[in-house]
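Working notes, structure below.
FYI, it's all coordinate maths here, none of it is from the lab. Predicted model, so just to flag it, every value in this text is computed and none were measured. Don't worry about glycine lacking a Cβ; one is built from the backbone with ideal geometry, like all the others, and counts go over all protein chains shown.
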Amino acid sequence: MKLNVGMRSTWLAIIFSSAVAVTGCGDDDDGGGENPGMPDGGGPTEECEATGAFSHYVNNTVTIKETKPGSFDLDDNGRPDNQLGGIIGLLKGQGLNIQMTVDEAIAEGSLVMLHSVQGDLSTAAVASWQVYLGEPISEPKFDGTDTATVKSDSPDEAKLCGTIAGGTFEGGPGDVTVQLALGEGEPLQVALKGVQIRAQVNADGCMEGILGGGVTDDELNDRVFPAIADLLNNTTADDHPTGATAPAACVAENDECPPTHRSTKADPEPTVCDVQRSLCLQESTTMVLDILDKDFDGVVTDVEIKTNDIISQALNLDVDLIGNDDVEDSLSVALEFTCVKAAFTAPGE
Ligand SMILES: [Ca+2]
Ligand SMILES: [Ca+2]
Ligand SMILES: [Ca+2]
């Protein structure tokens, strides 16, 4: 069940499938404007006054950057910020390949991130970059011929403002709402602070793209941890046998356990009695529960996630993006991406 172990590891697969709703450069009342690159309280205006044609793209790769060098210095302290990357790298070292889930979701067209860039793609004193959530694309080709649809609930009220020089867009900071694909099911939208984007752009696509920003403590507590808990509890429940909705009960190690409802020759992993939880579970499920379900009740709560030793250390808030008060309030992340030309209609263009 390698695939399943991979899927279960996605409790930390914080996959930023889309970034949207970027505020204007001058809008710093909620923290995004404390960053370098834009004059404090200044910038062009609240609206990004880019002119010219819009270029439309769809992501063909999104990679969770594992290292700090090359990431944005979100809090302007002279050091690049990417706290999440270290966690992803740590898990990869343990054989949990989270990136694989992202790659598969993009390739099958279920994770769709659309970009609209306004301005001359060689040189623009003011250019804008907006990212939309896209509806799933059936069998995307990523050859410039794909047609996409912006999701009706994709925020569209603001754009990331920047410049294009020598074919490279650089813009931000701004507040961005991102979509987190934690595994199967509906992605989760999470607000990011202080987002910056840089990418080489041309008519065919974008290259060497990087997006950096911070997930606030509130967002982690209110949205991310509960979503991870839901994901884990759903995968535990998914060990149920045919005809049931929950894993079978058991008592002793040698109790006979029924196969899961999804058991096939290709997916033969049996269930065995997890005696600490008195549940028939696949060993890959028990392995994850042993890390997080510390009271052995078979349910992972958001508190169990938040207070987990590994997670609380790894998800250390590392950047001050709110209040400019030297109190670190957000977890920095960095995503690398490439995109290719695509056709879609964007609201207001
Ligand atoms: Ca920094
Ligand atoms: Ca528990
Ligand atoms: Ca702060």
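Key figures
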read-out	value
Proxy reagent accessibility, fewest Cβ within 10 Å first, across V176, V102	V102, V176
The range 159-270 shape via C-alpha gyration tensor axes, a/c threshold 1.5	prolate
Residues R262, R223, sorted so that the one with the fewest Cβ neighbours within 10 Å comes first	R262, R223
Computed over the range 231-308, the ratio Rg/Rh where both radii use C-alpha atoms and Rh is Kirkwood	0.97
Per-residue Cβ neighbour rank within 10 angstrom, fewest leading, H56, H261	H261, H56
Entries in K68/K151; K68/K193; K65/K193 that, when Cα-Cα distance is taken, lie over 22 Å	K68/K151
Per residue Cα convex hull volume in Å³ - calculated over the range 262-349	253
